[in-house]
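*Asks:* Dumping the structure here so I can ask a few things about it.
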Amino acid sequence: MSYRLASFRLATFGALALLSACGGDPGAGMSGAGGSGAGGSSSGGGGMIGTATDYARFLQMLINGGSIDGRRYIGPRTLAYMTSDHMGDAVRRGPYDLLGPGYKFGLGFGVRTDSGLAAYPGSTGDYYWGGAGGTYFWVDPKEKMYVVYMMQSPSKRVQYRTLLRDMVYAAIAE
């Protein structure tokens, strides 16, 4: 799978602003992107750079069952395994539950396991994940759709993700 990064000069954005993007949202409760050095913290994918098109191609590959442009990147059984419940009832949910009702953890995704429990629309089997700054995606295999949402507003991310889902599913004609 090939990705094309839009060309830009880092100086255009300012390296410091790019590396501490989360620090500009006073309601976010975040002190910036940090790092793995003294006083910082490690962040799995924090600070990654890509385009909405890159993200969309990756999600299209998932919708296609693991292949795109005639090449297979993930086997169908592997993808099914990744998007199934790996949490079960063994994990007690606490006040900082990232997923919410109706969802369990897959491998890299929150996976909808029950219909009617989540606070927003979707289909059993849909899966999603989002970034701390507000980026978000979800894949709904039943509807054969994916959504890429690129925003940077940590304090508003949950509000807008829910609104986006409401609007997308309201627009689906039977």
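The numbers here are math on the coordinates, done by the rules we state, and not lab data. Computed from a predicted model, the values in this text were never measured in an experiment. All Cβ positions, even for glycine, are placed from backbone atoms using ideal geometry, and neighbour counts span all protein chains on display.
*Asks:* Just to confirm my numbers, what's the Cα centroid distance between segment 97-142 and segment 49-81 in Å?
*Replies:* Cα centres, segment 97-142 to segment 49-81: 18 Å.
*Asks:* Here's another thing I want to ask about it. Check His86: other-chain or 5+ apart residues with amide H under 5 Å from its amide H, H built from backbone geometry?
*Replies:* HN-HN under 5 Å from His86: Phe105, Gly106.
*Asks:* I would also like to ask the following. Taking only C-alpha pairs under 8 Å that are 6+ residues apart, what is the relative contact order of segment 51-170 in percent?
*Replies:* Over segment 51-170, the number comes to 19 percent.
*Asks:* Fewest to most neighbouring Cβ within 10 Å: what's the order for Met82, Met167? Walk me through the numbers before you get to the answer.
*Replies:* Working: Met82 17, Met167 10.
In order of increasing Cβ crowding within 10 Å: Met167, Met82.
*Asks:* Could I ask something else about it? Express the relative contact order of segment 70-134 as a whole percentage, based on alpha carbon pairs under 8 Å and six or more residues apart in sequence.
*Replies:* Here the relative contact order equals 27 percent.
*Asks:* At 7 Å along Cα-to-Cβ for each site, give me the label-to-label distance between Gln159 and Glu143 in nm.
*Replies:* Once both label points are built, they end up 2.3 nm from each other.
*Asks:* How are the alpha carbon pair distances in segment 82-174 distributed across 5 Å bins from zero to the largest one, expressed in percent?
*Replies:* Answer for segment 82-174: a P(r) of 3, 13, 24, 27, 20, 10, 3, 0 percent.
*Asks:* List the aspartates and glutamates whose alpha-carbon lies under 14 Å from that of Lys156, not counting same-chain residues fewer than 8 positions away?
*Replies:* Within the straight-line limit of under 14 Å, Lys156 reaches these aspartates and glutamates: Asp25.
*Asks:* Can I ask one more? Would you please give the residues with an amide H less than 5 Å from that of Ile68, counting only those at least 5 places away or on a separate chain, with H modeled from the backbone geometry?
*Replies:* So Ile68 has HN proximity to Tyr73.
*Asks:* Which of the aspartates and glutamates could a cross-linker span from Lys104 if the Cα-Cα distance has to be under 14 Å and same-chain partners fewer than 8 positions apart are dropped?
*Replies:* Asp85, Asp89, Asp114, Asp126
*Asks:* Which FRET efficiency, nearest 0.05, do Gln60 and Leu117 yield, Cβ-Cβ r, R0 25 Å?
*Replies:* 0.35
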